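I have placed the structure first, in the form of structure tokens, so that the comments after it can refer back to it.
The values are calculated or read from the model by the stated rules, or taken from the named source; none is laboratory data. Source: prediction; values computed, not measured. Here the Cβ is made from the backbone with ideal geometry for all residues, glycine too, and neighbour counts use every protein chain on show. What goes into the accessible areas is simple: the full protein's heavy atoms, side chains included, and nothing from ligands, DNA or RNA. Shrake-Rupley method; radii C 1.70, N 1.55, O 1.52, S 1.80 Å.
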Amino acid sequence: MDSMFMPVSRIWRPALVVGSVLACYQGVYHFPFQFDDNVFIVTNRAVTSSLDIGAVWANNPARFLTFLSLAINHQLGGLDVSGYHVFNVAIHVINSLLVLWLAGLIRDMNNRGASRFDWPLATTLVFAVHPLQTQAVTYIWQRNTSLAAMFYILSLGLYLTSARAGADSPKAAKRWLAASLVSAVAAMFTKQFSVTLPLAIVAADYFFVSGSLAKLKERASRLALFIPVFLVIPILTALNMNEEVLHIGMRARNMATPGEYLLTQFNVIAMYLRLLVLPINQNLDYEIPLARALADCWPSLILLMTIAGAGLAVIRRNRPAAFGVFFFFLALSVESSFFPLEDMAFEHRMYLPMAGVLMAVFSVTAQGLGALSEKAGGKFVNFGATAALVVITVALGAATIQRNQVWRTEDSLWKDVIGKSPGKARGYVNLGVSLLRNGKTAEAKKLFEKAVALQPEYPYGHFNLGVAWQVEGGHDQAIEALRRAVGVDPNMAEAHLALANSFFRKNLYMAAGPHYVAALNLRRDLTEAYINLGSVYLSLRRPADAIKVYESLIRREPGNAEGVYNLGVARLMKGDKAEGMALIEQARLMGFAVPGGK
């Protein structure tokens, strides 16, 4: 048992961590795509077409490396979910090892509060097996969180390694520093919370290298190297290359004000801390009441101020704990401060911050155990602490295995959400989408109607109700529901497309056209909208407009045989017989079933 409190083999400590992760996630490899997986992976042409770096970049530069990893997954195994899950679990294994390494560096660079208790290993085991991490690991799309965390922790650890090498090995120090910069840049192109990384590096330098503001200023030239890195995300945003910010701008009227969001986040962060201590009633989609005044959140604010104050109080006595508290708040600051996001809370937002709070808890524990050992006898204290850590790790691992089972099907996931957030529309909508996909249209419609009744301003309720009516051929009812969807959210491209399709199927071409145009103005990747808008123009005897639409499609998708055929038809209608026939023949050779063709 004493091995938990002494330096142990370089092999067995990481092996224990890896084995713990693999044991917790051994059953997830065949779980289906869930929730936003369908938007960002299954129907995303940047991911599912042949690997095209330019297309992946154009899809969303601010998360380029996330989408590139997904595109590589697809290139290797198509839409077989097992490869995506293997990648996600591998990232979590790497991150757990990185936490072990980073915490070890911090312990070794800090001489205060030394103890036989291996607090870096304790920190890592809880980080590795805690059920709060399941959303960032089992939910495939949320690899954007775990992948960004990987680059973030790696960069921070490399920076401290460089500082540790220092004057004793200047060449090695420069290499480690360069590697830290490269990893930091990678983080910036993975997920936007990485913008805080340069601040974390400055803090780490202050806490573990400089030790004072005066000495920190002397190291300004090294730290200044991270200023261009810090500017990457603001520059991408200014150049309209940050899709998430653009989306937030379009949906701003559905969000809380900055003040309301900040006040609500005090309660959300307190909830995260409660889940860290007692991870019960976890939920993909929490129903969070909006806090409009301090009276709605003052207990949470007092709790957080107490934690922040405790971090300041132990700066001299326990710098790892003080840094852990600072890191916790910093890593949460992008998604849990005054910058409003559409969703108030998601468990994956605690993935990286958890490392900080666990460092704080276990470094303080180590310090306390060291003092207690001197009074009560080291062996007894060490045995008790080891036994407690084993019990905690096993209990959390069992909770993680159980929580993962919620993700085994779409139905199980969304039934769990509905049971825990019965007043929120999204659970009903997504369960309805699953039922609709499986041919249970009547049951799906009831769920969509329930969602609309609960939240009339939630556009996806109206949208999916309209789609369900389309499946049944009720285009009049579909038009009514879809008009409400675009009324609630005029920037919802899918709703404009679906509404246009219902008008089109009723031969209401003048009504359909503007909605196809609106859909394409919002999303340029909607192939169906190009095809049908061109057909609208042909039906209205406007071949010149149809030609423009089909040429735009073919520029985007040169291999689209249907677009080539329709362009040929439009050319024929305009009177360009030779060119029209040549295009139709080209479409036939591309494999398109030309009507009346051989």
Quick one: D343 ticks every box in (1) within 21 Å of T123 (Cα to Cα); (2) at pLDDT below 95; (3) open to solvent by less than 50 Å² (accessible area, probe 1.4 Å) bar one, so which box is it?
-> (1)
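Conditions (1) at pLDDT 95 or above; (2) in contact with a His (Cβ under 7 Å, 6 or more places away or on another chain), marked per residue:
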residue	(1), (2)
L499	yes, yes
F504	yes, no
L508	yes, no
H515	yes, yes
Y530	yes, no
G534	yes, no
G559	no, no
All helices (runs of 4 or more DSSP H) inside the stretch 227-271 with 1 or more residues being at pLDDT below 85 and under 30 Å from P299 (Cα atoms) = 243-250
Examine the stretch 358-376 for a residue that is at pLDDT below 95, open to solvent by 40 Å² or more (accessible area, probe 1.4 Å) and in contact with a Ser or Thr (Cβ under 8 Å, 6 or more places away or on another chain), and state whether such a residue exists.
-> yes
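Given D52, D80, which one is among the acidic types (D, E) and farther than 21 Å from K191 by Cα?
None of the others qualify; the one that does is D80.
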Could you give me the residue pairs with C-beta distances under 7 Å whose first residue belongs to the stretch 45-62 and is buried (at least 17 other Cβ atoms within 10 Å of the Cβ), whose second residue is of a type in the set (S, T, Y) and not in a helix (DSSP H, G or I) wherever it lies, and which are 6+ apart or on separate chains?
-> A55/S49
Given the residues Y537, Y509, which is the only one that is closer than 20 Å to H496 by Cβ, open to solvent by 50 Å² or more (accessible area, probe 1.4 Å) and among the aromatic types (F, W, Y)?
-> Y509
Of the numbered conditions (1) hydrophobic (A, V, I, L, M, F, W, C); (2) in a helix (DSSP H, G or I); (3) surrounded by 14 or more Cβ atoms within 10 Å (Cβ to Cβ); (4) at pLDDT below 95, V39 satisfies every one except a single condition; which is it?
-> (3)
Residue check: is A308 outside any helix (DSSP H, G or I), under 28 Å from the mean Cα position of the chain (by Cα), under 28 Å from Q192 (Cβ atoms) and small (G, A, S)?
-> no
Considering each of R556, R571 in turn, give the residue that is surrounded by fewer than 17 Cβ atoms within 10 Å (Cβ to Cβ) and within 23 Å of Y516 (Cβ to Cβ).
-> R556
Given F193, F226, F207, which one is more than 29 Å from the chain's Cα centre (by Cα) and either open to solvent by less than 40 Å² (accessible area, probe 1.4 Å) or farther than 23 Å from F64 by Cα (or both)?
-> F207
Among (1) touching a helix residue (DSSP H, G or I) at 6+ places or on another chain (Cβ under 7 Å); (2) among the aromatic types (F, W, Y); (3) within 30 Å of E342 (Cβ to Cβ); (4) open to solvent by 10 Å² or more (accessible area, probe 1.4 Å), Y286 falls short only on (1)
Complete set of residues in the stretch 256-283 that are among the polar types (S, T, N, Q), open to solvent by less than 20 Å² (accessible area, probe 1.4 Å) and more than 19 Å from the chain's Cα centre (by Cα) = T264
Checking N95 against (1) open to solvent by less than 10 Å² (accessible area, probe 1.4 Å); (2) closer than 22 Å to L154 by Cβ; (3) in a loop (DSSP other than H, G, I, E, B); (4) not β-branched (V, I, T), the condition it does not meet = (3)
Meets criteria (under 25 Å from V47 (Cα atoms) and open to solvent by 30 Å² or more (accessible area, probe 1.4 Å)) for V137 = no
Going by the conditions given, is L413 under 29 Å from P279 (Cα atoms), hydrophobic (A, V, I, L, M, F, W, C) and either assigned to a helix (DSSP H, G or I) or touching a residue at least 24 places away in the same chain (Cβ under 8 Å) (or both)?
-> yes
Subset of the stretch 401-445 [open to solvent by less than 20 Å² (accessible area, probe 1.4 Å), farther than 21 Å from Q455 by Cβ and touching a Phe, Trp or Tyr at 6+ places or on another chain (Cβ under 8 Å)] = N404, W407
